[in-house]
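Single-structure report; data block below.
Values in this text are rule-based calculations from the coordinates and carry no lab data. Note that the coordinates shown come from a computational prediction; the quantities given were computed from them, not determined experimentally. We place every Cβ from the backbone using ideal geometry, glycine too, and count neighbours over all the protein chains shown.
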């Protein structure tokens with residue numbers, strides 16, 4: 001079965017997903033596109049075999065020829081489009097964030113819960129990365145005993161001019177927030193954000209780097225170094241410390257070479273290089289699940305919880321204090337496997 005997918009938002013990540021769905025993955029075709037920049041959407045549509053150009057996301061979702069929807073538009077528009085997909089009973093893959101506020105994400109959870117079935121998958125691609133999945137297997141399998149700590153780092157070589165200090169939490173550390181919840185199968189209970197000495201590469205008034213300290217409900221401490229002006233490359237680190245051992249991500253996406261008294265390895269230059277295969281695996285899993293009549297992967301609840309933790313992190317950034325995370329009970333729809 002080949003599903004027809006409509007894509008809302010064809011900026012950088014949207015165009016990546018259009019390419020994946022059209023040329024890399026199996027079981028799907030892009031049958032409709034739209035973007036706030038209709039000229040850009042027209043160029044994307046003209047490069048494909050027969051997709052329909054729609055003037056709005058609402059029009060695309062209402063198209064009976066579209067089986068499922070990928071939302072890769074600007075973050076504040078996600079709520080509108082995801083809610084419309086839920087109302088239409090269409091499976092939707094939404095790039096993070098699910099929504100930009102707690103209240104918006106909560107409305108999505110409430111709407112989906114009212115249908116009694118899962119329709120939303122959120123794009124936290126690290127859950128589909130081979131290294132993170134191997135780490136999850138070790139942690140869940142008990143090979144290192146009870147997990148106690150996690151050390152993580154997310155280092156970007158640089159970021160666009162529109163990037164803000166708040167986005168270090170909401171766009172950068174959010175990935176580590178989701179990873180922590182997934183690795184340990186626990187919610188985040190509290191957040192503290194510390195400001196070390198500011199990098200001279202950061203623009204005036206910009207807090208970079210930040211150290212985000214997460215506390216899980218079970219007592220695991222997760223420290224996340226988030227640096228967005230590292231310069232030397234796109235460097236992702238992760239290590240879980242257990243009672244009986246540790247497990248960590250390899251430092252390089254390629255090989256590490258030791259010779260003639262030297263030690264060298266490659267650092268990815270871009271997130272596409274580091275996580276390209278994870279994006280492929282993530283979207284293929286979604287396509288397969290939709291073809292089978294359901295969904296998979298990170299749920300609307302996962303997107304909601306991440307948004308709440310990020311909002312709490314911003315409060316901690318401003319207060320300089322430990323801030324508790326307040327979440328309601330998880331609805332039954334989101335308990336157990338997807």
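Note on the chain: antiparallel DSSP beta bridges, both residues inside, total approximately 50 percent of the bridges counted. Each helix, a run of at least 4 DSSP H residues, gives -39500 (n - 2.57); summed and divided by the residues of the chain, these come to -10500 deg cm²/dmol at 222 nm. The alpha carbons of the range 11-105 give a radius of gyration and a Dmax of 12.8, 39 Å, in that order. With coordinates expressed along the principal axes, the C-alpha atoms belonging to the range 127-275 extend over 46, 45, 27 Å, beginning with the largest.
Principal-axis analysis of the Cα atoms of the chain puts helix 174-184 at an angle of about 80° to the longest axis. Among 203, 136, 335, the order by Cβ neighbours within 10 angstrom, fewest to most, reads 335, 203, 136. Remark: relative contact order (the range 127-275) = 32 percent; criterion is Cα-Cα distance under 8 angstrom and separation of 6 or more residues. Between the Cα long axis of helix 78-88 and the first principal axis of the chain there is an angle of about 50°, rounded to the nearest 10.
Report relative contact order for the chain in percent, whole number only (criteria: Cα-Cα under 8 Å, sequence separation at least 6).
20
Legend: ranking of residues 98, 83, 146, 221 from fewest to most surrounding C-beta atoms inside 10 Å; resulting order 146, 221, 83, 98.
Protection proxy ranking for 321-329, 50-58, using the average of other Cβ atoms within 10 Å per residue and placing the highest first: 50-58, 321-329. Counting only alpha carbon atoms, the long axis of helix 130-141 and the longest principal axis of the chain meet at about 70°. Equivalent-ellipsoid semi-axes for the chain (Cα gyration tensor, √(5λ), whole Å, largest first): 32, 23, 21. Shown is the FRET efficiency for residue 29 and residue 114, computed with R0 = 30 Å from the Cβ-Cβ distance and rounded to the nearest 0.05: 0.45. Based on Cα contacts under 8 Å between residues 6+ apart, the range 95-191 shows a relative contact order of 26 percent.
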